[in-house]
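Reading through the structure tokens given below for one structure.
The values are calculated or read from the model by the stated rules, or taken from the named source; none is laboratory data. Predicted model only: the values in this text are computed from it and were never measured. Glycine gets a Cβ as well: all are built from the backbone with ideal geometry, and neighbour counts include every protein chain shown.
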Amino acid sequence: MLKDNVFPVKDIPNVVHPNETLVATHCCYCGMQCGMNLRVNTKSNRIVGVEPRYDWPVTLGKMCPKGVTAYQTVNHPERLTTPLIRDDASKKGTPDGFREATWEEALDRIVSRFKELQANYGKDSLSVFSGVSMTNEKCYLTGKFARVGLQTRYIDYNGRFCMSSAAAGFMRSFGVDRGSTVPWTDIPETDCLFVAGSNAAECHPTSMFRIWAVQERGGYLIVADPRETPIARRADVHLDLRPGTDLALANGILHQLIERGFADESFVAAHTNGFEETKAIVSAFTPEYTSEITGVAPDKIVRAAELYGKAPNAIVMFARGIEQQHKGADNVSAYTNLALVTGKIGRPKSGVATFTGQGNGQGGREHGQKADQLPGYRKLTEPKHVQAICDVWGIAPEEMPKPGVSAYEMFGLMTDKTIRGLYLVCSNPAVSAPNQNFVRAALRELDFMVCSDFFLSESAEYADVVLPATSWSEDEGTVTNLEGRIIKINKAQEPVGESKPDWAIQIAIAERMGRGRYFSHLTDPKAIYDELRLASKGGYADYYGATWEKIERQQGVFWPCKSEEDEGTPRMFLDRKFFHADGKANICALPYRPAAEEPDAEYPLRLTTGRVVYHYLSGNQTRRVPFLRDMCPEPFVEVHPALAAQYGIAHEDRVRLYTRRGEAVFAVKITEAIRQDTVFVPYHFGKEQSINLLTNDALDPMSRMPEFKACAAQMVKIG
Amino acid sequence: MENTAKSVLYIELDNCIGCRSCLAACTQCGGHEERNRNYVYDVNPLVNRQTMPIMCLHCVNPACARSCPVQAIQVHETGAVLSAMVEKCLGCQNCTIACPYGIPKFDEEQKLMYKCDLCIDRTKDDIPPMCASVCPTNTLQWISKEELAAKKKKHTLDNENWVASAPYLENETNVRINLPGILQGTAKLF
Ligand code: SF4
Ligand code: SF4
Ligand code: SF4
């Protein structure tokens, strides 16, 4: 088992209140997957509260405000408890016009409409849009449900808005995509942390005690972010760049590392390809040139490179700030270059890590929910990979649907009527997708839409049938946290009302579609997981040896875990073997491209988006929790005092923001924590408060990730 | 009188990120009726959003208890200054005025003061209070007296005034606060 020298697990007894039991599990929100105990009343068998789980080695009982209040969603009065059917399509896009229905009627309606659409317009007229706040079991099954149950090529998931740039960048650099090459317990022991594009304090707060510990030990913290976030505020160097210029900054740092002799030549020669080409590309990125593009002072760039270069051990960490761009995959590889060129990878306390935004952002991207991908990170374009999965699924390779399109592109196909039916599960694209006016119109265009969720989300308002799904604590299964550690979540109470787990719903639909023989053996999450283990065997993300029993015994198992004897892989590449065919990693030569939309006379400001600590993703859950809603009831726009003076606006004034795609009104929050040329709005809010009405849908050519983090905007004072 | 607690609540102000987990957690403590008894203050909200938790410091000679005409505020043997006893409290609000840190609050409906009791149901058994259990940044820590001594040694600043104690705050306190600037004395690794 992993040892943590800085924060050893203390033996603190659990507090059990009278007439209660504790169920050990994990938080339902971000990729930290903090350990927690749910308090269950033994008379009512209901979850009534939360107790810290001091024995969980990753988080030691710590929780953010979302975690502390997560249990309040389970028995929330707004939970969906029965299926809902909308008979009058004219009310689409509103919460009105639904009536309660039985499961029989709802499933019959779904299957008859699905069959009708497929009979008239072909199998591919249906689509599945899923998410990664679900267990591995559900993510795996959703991929199989689309391809074998509905026999459509069109499946993709909200990880395209969240994790796909990290995945694509890591695949290109390492030949494998595991979000962190080291366990989180290594963080406090490293000597230099380089955090790029991550508001870690608000998005992954329970990482912070380890991050602060680096400084408390005398190590250095470098933060690249347009905003002076709580983590940037205390950094040794804060690289306050213009949104969308991260690639130039990473190239500039790499240039300095090479110039100043911090490259590890023997590592580079023995274990990497592409150094010379990359060196040539970055040679132009002198501190002055890099500063011109990024707006960061040259001496800060030099200092950051010096600290990272000199550090005996260092970890490069990043998140959506660099990934949610139309060059997100390049940004990821550019930051990964720093570790590869200096040889600070493939050993303890050094490596690369991405903060996973969604609860199962890691596991959910490995099991075949992506348009172009099969379980175990296999590729749909590789006949051998297809054959391997066909063997597990019991279908012929000819029956395997071809690759589809990415999440945002599906809305285009809805608009032109290529896609006519949608099965939406565990996602809220009517808030979270970019260019909302287009996306909402696309949803309206559908002939038939099903939404499975546990609250009536903004997206569910476009559905013809809404199915009540269970919440995370009414079912069991596994998730894979941001370290790549497969962990177990446990059932704490029976499902509310008539809600059912998504796996059971999908199997029921598949059976009615006449595809029952491929699903009927999957009677519980364990059976699904065991099939997932088989399907991932021999793939990049190999879960075969990570049985539920081993996960319990070892407090999680890091993949790859290839056999019963294998304890798993907390640290990647310790043998200096990368996953490309020649065993080497790629140092990537990446020419700089500016943001897809640069400010101009009409739209002079840069708009960037992100999170607040009180809300999760589209806010569908957290906006319903009283404590969290009270703390942040509304979105706001952060404006620097100098910019505010220029526009004549004051704190709490209201302004209208415009971009080429839309407009919305926000209350002003004056703060020096933002650049003068940039405004920031959090994205957790729906309807007319959604900043995604304004964001840019320019896609990364490699990861198909939209450019949420930078676009050109105009601000006008109102009232 | 030396209190019997094995551990102390220790606050490292610099670490706070303003997440307010401590507030949320306080509502989860047994007997707190889902009402938090601690607060988080925005130090300079229009500048950099530095925040600091405002916790009851469990004064050794508490002004709240001193000001109470009927001794409704008891000091537990661990040093925790308890919430007003229901059967004694008159609802006069003297304590809410007396406390220099604004900790005791007044429940208008019940005509009763309520304040942080250092999660006495937990801390009497040396289990960390809820706020310190969850605080994700180690701003709030529940540490042994040995750990406290080690911290004091490590973080001694030139002026040696590293903890909030007499004469800088109300008086001597059971809760220890590290004044901002904790990293000033840290020697860099390289
Ligand atoms: S939980 Fe900790 S970091 Fe969060 S506001 Fe409270 S003291 Fe600050
Ligand atoms: S901080 Fe205020 S409420 Fe707490 S013990 Fe001291 S005087 Fe009483
Ligand atoms: S010690 Fe307990 S009562 Fe006091 S602030 Fe912390 S959680 Fe609340």
Scope the range A:41-88; condition over 18 Å from A:Phe454 (Cβ atoms), surrounded by fewer than 21 Cβ atoms within 10 Å (Cβ to Cβ) and of a type in the set (A, V, I, L, M, F, W, C); matching residues: A:Val48
Would you mind stating whether A:Arg99 is loosely packed, with under 14 Cβ neighbours inside 10 Å and outside the structural domain of A:Gly686 (by TED's automatic domain parsing)? yes
Residue count for the range A:540-559, restricted to those that are surrounded by fewer than 24 Cβ atoms within 10 Å (Cβ to Cβ) and either touching a helix residue (DSSP H, G or I) at 6+ places or on another chain (Cβ under 6 Å) or not hydrophobic (A, V, I, L, M, F, W, C) (or both): 11
A:Ala442 vs. criteria closer than 30 Å to A:Arg109 by Cα and under 24 Å from the mean Cα position of the chain (by Cα): yes
Based on this model, can you work out whether A:Pro429 counts as buried (at least 24 other Cβ atoms within 10 Å of the Cβ) and within 28 Å of A:Leu38 (Cβ to Cβ)? no
Please state which of the following conditions A:Glu78 fails to meet, knowing it meets all the rest: (1) over 26 Å from the mean Cα position of the chain (by Cα); (2) modelled with pLDDT of 95 or more. (1)
Those residues that are away from ligand 3 (no atom under 12 Å from the Cβ) and part of a loop (DSSP other than H, G, I, E, B), I need them from the range B:107-123; list them, please. B:Glu108, B:Glu109, B:Gln110, B:Lys111
Given the options A:Asp264, A:Asp236, A:Asp240, name the one that is of a type outside the set (A, V, I, L, M) and closer than 29 Å to A:Pro434 by Cβ. A:Asp240
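Yes or no, residue by residue, for (1) surrounded by 19 or more Cβ atoms within 10 Å (Cβ to Cβ); (2) on the phi > 0 side of the Ramachandran plot; (3) of a type in the set (Val, Ile, Thr):
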position: B:Arg35; (1), (2), (3): no, no, no
position: B:Ile54; (1), (2), (3): no, no, yes
position: B:Ala65; (1), (2), (3): yes, no, no
position: B:Ala72; (1), (2), (3): yes, no, no
position: B:Val75; (1), (2), (3): no, no, yes
position: B:Ser83; (1), (2), (3): yes, no, no
position: B:Leu90; (1), (2), (3): no, no, no
With the structure loaded, tell me whether A:Ala263 is assigned to a helix (DSSP H, G or I), touching a residue at least 60 places away in the same chain (Cβ under 8 Å) and in contact with a Gly (Cβ under 9 Å, 6 or more places away or on another chain) or whether it fails that test. no
When the range A:522-573 is checked residue by residue, the ones that are assigned to a helix (DSSP H, G or I) and either among the β-branched types (Val, Ile, Thr) or farther than 29 Å from A:Ile509 by Cα (or both) are A:Ile528, A:Glu549, A:Lys550, A:Ile551, A:Glu552, A:Arg553, A:Gln554
Considering only residues of the range B:25-81 that are within 27 Å of A:Ile47 (Cβ to Cβ) and among the basic types (Lys, Arg), which is nearest to ligand 3 (Cβ to nearest atom)? B:Arg37
Are any residues in the range A:622-651 within 30 Å of A:Ala70 (Cα to Cα) and within 13 Å of another protein chain (Cβ to nearest Cβ), and if so, which ones? A:Thr622, A:Val625, A:Pro626, A:Phe627, A:Leu628, A:Arg629, A:Asp630, A:Met631, A:Cys632, A:Phe636, A:Glu638
Which condition does A:Gly169 not pass, out of (1) within 14 Å of chain B (Cβ to nearest Cβ); (2) modelled with pLDDT of 95 or more, if it passes all the others? (1)
For the range B:154-184, give me each residue that is at pLDDT 75 or above and more than 10 Å from every other protein chain (Cβ to nearest Cβ). B:Glu172, B:Thr173, B:Asn174, B:Val175, B:Arg176, B:Ile177, B:Asn178
Note: among A:Ile389, A:Ile395, A:Ile419, just one is of a type in the set (A, V, I, L, M) and surrounded by fewer than 24 Cβ atoms within 10 Å (Cβ to Cβ), namely A:Ile395
A:Thr181 being within 14 Å of chain B (Cβ to nearest Cβ), among the β-branched types (Val, Ile, Thr) and out of contact with any helix residue (DSSP H, G or I) (no Cβ under 7 Å at 6 or more places or on another chain): no
Complete set of residues in the range A:209-246 that are more than 8 Å from chain B (Cβ to nearest Cβ), assigned to a loop (DSSP other than H, G, I, E, B) and not hydrophobic (A, V, I, L, M, F, W, C): A:Asp225, A:Pro226, A:Thr229, A:Asp236, A:Asp240, A:Arg242, A:Pro243, A:Gly244, A:Thr245
Could you list all residues from the range A:530-558 that are in contact (Cβ under 8 Å) with a residue 40 or more places away in the chain and under 22 Å from A:Ala24 (Cα atoms)? A:Ala546, A:Trp548, A:Ile551, A:Glu552, A:Gln554, A:Gln555, A:Gly556, A:Val557, A:Phe558
Condition check: within 21 Å of A:Glu494 (Cα to Cα), in contact (Cβ under 8 Å) with a residue 24 or more places away in the chain, at the interface with chain B (Cβ under 9 Å from one of its Cβ atoms) and out of contact with any His (no Cβ under 6 Å at 6 or more places or on another chain). Does A:Thr81 satisfy that? no
Among the residues of the range A:275-317, how many are charged (D, E, K, R) and either touching a residue at least 24 places away in the same chain (Cβ under 8 Å) or within 14 Å of chain B (Cβ to nearest Cβ) (or both)? 5
Hey, does the range A:12-30 have a residue that's assigned to a loop (DSSP other than H, G, I, E, B), at the interface with chain B (Cβ under 10 Å from one of its Cβ atoms) and more than 27 Å from A:Val625 (Cα to Cα)? yes
Quick check on my filter: what residues within the range B:124-142 are touching a residue at least 24 places away in the same chain (Cβ under 8 Å) and either over 27 Å from B:Asp14 (Cβ atoms) or more than 11 Å from chain A (Cβ to nearest Cβ) (or both)? B:Lys124
For the range A:340-363, does any single residue satisfy the condition of being assigned to a helix (DSSP H, G or I) and farther than 30 Å from A:Ala269 by Cα? yes
Of these, A:Arg99, A:Arg86, A:Arg39, A:Arg46, which one is more than 26 Å from the chain's Cα centre (by Cα), within 14 Å of chain B (Cβ to nearest Cβ) and among the basic types (Lys, Arg)? A:Arg39
Looking only at the range A:184-208, filter to residues that are buried (at least 24 other Cβ atoms within 10 Å of the Cβ) and hydroxyl-bearing (Ser, Thr, Tyr); which one of those is farthest from the chain's Cα centre (by Cα)? A:Thr190
Checking B:Pro100 against (1) more than 16 Å from the chain's Cα centre (by Cα); (2) within 16 Å of ligand 2 (Cβ to nearest atom), only one condition comes out false. Which one? (1)
